[in-house]
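Presented below is the structure to which this report refers.
Coordinate-derived values only; no laboratory data. All values derive from a computational prediction rather than experimental measurement. Positions of Cβ are backbone-derived with ideal geometry, glycine not excepted, and every protein chain shown enters the neighbour counts.
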Amino acid sequence: MEAKKRDDGFKRALADVRSLLADAESDDPSILISPAIGNEELVALLRANFERLDPNDDGVSREELLNALASPQSFSVAEYEMLKLVAKCFDTIINLSDDEPGEEMRLSRMDMEVLSQFLLHSKLTIQELHMWCGLGEEPGSITGPPPLSDASN
């Protein structure tokens with residue numbers, strides 16, 4: 001029974017990783033995420049698990065995030081939902097602050113704090129933030145602050 005439970009968990013993790021990789025390869029910014037957790041819970045869970053996701057204290061890399069996703073039994077249901085959401089929006093989140101020399105490759109504590117500010121204070125959902133940042137890939141497509149942010153008032 002325990003072996004079947006473990007195998008089922010691994011199969012779900014593999015399906016999640018495949019789905020995340022397929023979404024990452026897609027150029028379609030309209031892929032929406034329907035999180036099972038709210039902004040406050042997402043931020044709290046990311047903060048609570050940051051050291052666990054980044055054991056070498058150099059920022060959370062894609063590899064570290066995928067390793068965490070491959071171990072669903074190591075996380076609560078809510079924590080695993082947070083991991084999937086962070087993975088789907090990884091590029092958006094790591095580019096929220098310019099805190100690395102060169103290309104942004106890791107989710108830093110500064111990225112986490114800027115994400116927190118957007119989610120907790122600007123009235124944006126992670127879906128809106130993800131879509132808004134995706135619009136920026138076309139020159140001249142973004143004018144002004146993100147929609148619904150306090151800066152637009």
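Observations, loosely collected:
- L120/N56 FRET efficiency (R0 41 Å; Cβ-Cβ; nearest 0.05): 0.90
- Local electrostatic count, E113, Cβ distance below 12 Å [Lys/Arg +1, Asp/Glu -1]: 0
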